[in-house]
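The values are calculated or read from the model by the stated rules, or taken from the named source; none is laboratory data. Please read all numbers here as calculations on a predicted model, not as lab measurements. FYI the Cβ positions are ideal-geometry reconstructions off the backbone, even for glycines, and counts take in every protein chain you see. Only protein heavy atoms, including side chains, enter the accessible area calculation; ligands, DNA and RNA are left aside. Shrake-Rupley method; radii C 1.70, N 1.55, O 1.52, S 1.80 Å.
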Amino acid sequence: MVKLAICHEGHTGKSLDSEIIKLLLKDLDLDINRVEFYGFGSKSNFFKKDYKVYKNLHLAITEQEIEKILFVLDADNEENDNFFGGYINTGKSLKTILFDLELYSVSDFYISCNPIKKIGNIESLLLSTIPLEQKECIDGFLQCSEFKAKGNDKALLRQLYKLAYPNTPYNFKHKNFDEFKEKLQNLF
């Protein structure tokens, strides 16, 4: 059976990106057994033409083991990285690398972020799906706690979200997940 590939930030099977993708596939009743997952580690690896995962993908496509690829990566913030940061820069840079590697015709991508602000990451997407009152509570806590982590509060946001919503961890019915779900469905 020809498989589909999903490439994401973090490690295969051990990242929030991987967890969310697998839960979304299950929610959409899509066959997870058809998917080959590739963890790219950090976002910067997506923009390295000689990154080992690209070599593996080329081989799998050539041998007709993989027919389509979906890349999932964070928008992050242009202020922190004016070349690869932000929704527009991430999209442009990824398109360029996919063209250069001759993968564009068999691939698509989804950029995780707050869909209104077009910055952030998978955690920002998750927070955009909770009610405003709860989001304001979390934002208030972050400001009050003066949490500092290299401009990156992903770990804290993830833990706060899990603590606040232990029984219903992700609201996949929220409209902010529509584009992500559409990309996954189109992969199949």
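Yes or no: I66 within 16 Å of F40 (Cα to Cα) and either open to solvent by less than 90 Å² (accessible area, probe 1.4 Å) or of a type in the set (D, E) (or both)?
no
State yes or no: is E123 at pLDDT below 90 and among the charged types (D, E, K, R)?
Yes; evaluated as a whole, the condition is true for this residue.
So in region 69-123, with the set limited to residues that are among the hydroxyl-bearing types (S, T, Y) and either touching a residue at least 60 places away in the same chain (Cβ under 8 Å) or in a loop (DSSP other than H, G, I, E, B) (or both), which one is surrounded by the most Cβ atoms within 10 Å (Cβ to Cβ)?
S112
Of everything in region 1-44 that's in a loop (DSSP other than H, G, I, E, B) and over 27 Å from T62 (Cα atoms), which residue is farthest from the chain's Cα centre (by Cα)?
The extreme case among them is D29.
Mind checking whether some residue in region 148-167 is closer than 29 Å to F84 by Cα, at pLDDT below 75 and more than 22 Å from the chain's Cα centre (by Cα)?
yes
Of (1) of a type outside the set (S, T, N, Q); (2) open to solvent by 60 Å² or more (accessible area, probe 1.4 Å); (3) out of contact with any Leu (no Cβ under 7 Å at 6 or more places or on another chain); (4) farther than 23 Å from G120 by Cβ, I32 satisfies all except one. Which?
(3)
Taking the condition of being over 20 Å from N77 (Cα atoms) and among the β-branched types (V, I, T), how many residues in region 124-140 meet it?
Selection size over region 124-140: 1.
If I filter region 45-53 for residues that are in a loop (DSSP other than H, G, I, E, B) and surrounded by 15 or more Cβ atoms within 10 Å (Cβ to Cβ), do I get at least one hit?
Yes, some residue in region 45-53 is in a loop (DSSP other than H, G, I, E, B) and surrounded by 15 or more Cβ atoms within 10 Å (Cβ to Cβ).
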